[in-house]
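Derivation of every value follows stated rules applied to the coordinates shown; laboratory data play no part. Since we're looking at a predicted model, the values are computed, not measured. All Cβ positions, even for glycine, are placed from backbone atoms using ideal geometry, and neighbour counts span all protein chains on display.
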Amino acid sequence: MSVFIDSLQFIVDHRELILEKTWEHVVLSAAALGVSIAIALPLGVVLGHLHRGSFIAVNLANVGRALPTLVVIAFGITFLGIGFKSVLVALVVLGVPPILTNAYVAVDEVEPDAVEAARGMGMTPLQVLWRIELPLALPLLFAGIRTSAVFIVATATIAAIAGGSGLGEILVNQASYGVEGLVGAALCVSLLALAVDAALGGVQRALTPRGLKLQVPAFEPDVRPVV
Amino acid sequence: MAEPVIPDFGVGSDCVTQNHTFCTDWVRENWSSVLQPALVEHIELTVIAVGIGFAISLAAALLAHRLRYVERPFAVVSAVIYTIPSLALFQLLVPITGLTVTTVEVALVGYTLLILFRNILAGLRSAPPEVLEAARGMGLTTTQTLFRVELPLALPAIVAGLRVAVVSTIALATVAAFVVSEGLGGPILGALPLNFKTEIIAAGALAVGLAILADALLVVAQRLLTPWAYARRAV
């Protein structure tokens, strides 16, 4: 157990380094998440609205799960070299699938009766999307963003081997920081992931309309049974 | 496994020494010494992790099926484990279990729990009330109901959970190479400092291929085990 006490000591002694690396980690993850959202969200929403491309949208999540993070990062290094660009591309490749699939499913599965009624009231397709489908889809849609965010924070750790910045730099560098540094950084990155998950979970609950709240348990990560 | 000090791209062909994108001759020459052992180790890591994870999850789900208050603590603990980045979890376990396969397996088992537990429990609860009523009316005991009614009806959800668990474990097991030189992550991490493309691509493709193949096999198993689910195109 002394290693864990030493690692806490390491965190206290190197709090400036830890804070700096945590901040870098957050910035890198936020950048990757932003790009992933910009790519995946409009695509998923539009496909869901049109009820088109279900095969691609749904299977993308399975493909994303089958892609080992280490392999994606290693391919990034091989083809794009070491550096920020390669890390960002790898993180976006892994961040897109959960967002796209959830956005598609969320909009696609909106109660057809509600859409029908809105259309009967004379709403244009854009109004239906904006006033009916998106509000009803919001909780599930945001669940995808949350899954992706946690995934990106976790993967950004491994991305340190490709020249990514953040807590991973300490985690893959035992030579410089020793075992206590490794364990300390591991603790910090775990707490960061849990904090991001909890914070976005809070946002997700806040976004959920009261009528839908009963159906969403507090701890709902993305693992809905995919029968 | 001792690493050579001098970059060793193997003997011979121009393709290998000039580090072209992909050299089939290197793959052929090093299949039995590098890639095949790593692939076998990778499969072993995955099978053991999913096997143990399944046993734990099944026991917990059966318990939670009878005693509702078991569900939340188990789900919360497994959700917390699930959220911890794999590399961090490995490093947190190293002080306890050392740089061993045990460390890797404990972490990999931990990641399967949430998926398997939730799917098994959802499956057990999917039996319609009238079916359970009929079972009771026929005089089945609780245990008989479990084995003859609830578990068979839970099979589609259980296999679905297994698919996700197997595929994510295969993906996660590559990270194990940071702790022990086991599995397909080993050749990848070994080749990265030299940026030896052939080895990275070959091992990476094997990992992805393995995941896709395992997923396909489980889909087939699911269809064979639960023909009724496909007969009426439900689920």
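For the protein assembly as shown, A:Cys188 have no disulfide-compatible partner, since no other Cys C-beta lies under 4.7 Å from theirs. Given q = 0.12, 0.13, 0.14, 0.21 Å⁻¹, what are the Debye log10 I(q)/I(0) values for region B:121-232, with equal point scatterers placed on the Cα positions and solvent ignored? Calculated log10 I(q)/I(0) at the listed q: -0.60, -0.65, -0.70, -1.05. The Rg/Rh ratio of region A:62-217, with both radii computed over alpha carbons and Rh defined as the Kirkwood radius, is 1.12. Averaged over peptide B:186-197, the number of partner chain Cβ atoms lying within 10 Å of each residue's Cβ comes to 3. Neighbour counting of Cβ atoms within 10 Å sorts the residues A:Met123, B:Met138, fewest neighbours leading, into B:Met138, A:Met123.
Restricting attention to region A:25-112, which trypsin sites (Lys or Arg not before Pro) occupy a DSSP loop and are surrounded by at most 14 other Cβ atoms within 10 Å?
Details: sites: A:Arg52, A:Arg65, A:Lys85; in loops: A:Arg52.
Here the sparse-neighbourhood loop sites are A:Arg52.
Take the alpha carbon atoms of region B:147-163, find their center, do the same for region A:81-104, and report the distance between the two centers in whole angstrom. Value for the Cα centre distance between the two parts: 33 Å. Label sites at B:His20 and A:Ser176, each approximated as a point 7 angstrom past Cα along Cα to Cβ, lie 3.8 nm apart. Relative to the dominant Cα principal axis of chain A, helix A:15-50 is inclined by about 20°.
Here r is the Cβ-Cβ distance between B:Phe147 and B:Val77 and R0 is 25 Å; the resulting FRET efficiency, rounded to 0.05, is 0.35. When all alpha carbon pairs of region A:23-63 are counted in 5 Å bins from zero, the resulting P(r) reads 5, 21, 21, 19, 14, 11, 7, 3 %.
According to the Cα gyration tensor, what semi-axes, each the square root of 5 times an eigenvalue, does the equivalent ellipsoid of region A:1-142 have, listed from largest to smallest in whole Å? Before the final figure, lay out the partial values.
Details: eigenvalues 319, 74, 36 Å².
Each semi-axis is the square root of five times an eigenvalue, giving 40, 19, 13 Å.
Axis angle, to the nearest 10 degrees, between helix A:84-108 and the longest C-alpha principal axis of chain A: 30 degrees. Shape annotation for region B:1-126: C-alpha extents along the principal axes are 65, 34, 20 Å, from largest to smallest.
When the Kirkwood radius is taken over all Cα pairs of region A:1-74, what Stokes-Einstein diffusion coefficient follows at 37 °C and 0.692 mPa s, in µm²/s?
After rounding, the answer is 204 µm²/s.
The spacing between region B:177-194 and region A:152-200, judged by their C-alpha centroids, is 19 Å.
To the nearest whole percent, what portion of all C-alpha pairs in chain B is separated by more than 27 angstrom?
On the way: 12814 of 27495 pairs.
The calculated P(r) of chain B puts 47 percent of pairs beyond 27 Å.
Please rank A:Glu111, A:Glu16, fewest neighbouring Cβ atoms within 10 Å first, as an exposure proxy. Before the final figure, lay out each step's value.
Working: A:Glu111 11, A:Glu16 8.
Lowest to highest Cβ neighbour count: A:Glu16, A:Glu111.
Taken as entire DSSP H runs, the helices of chain B that both span 27 Å or more between Cα atoms along their own long axis and average 0.0 or more on the Kyte-Doolittle scale are B:36-66, B:101-124, B:151-173, B:197-225.
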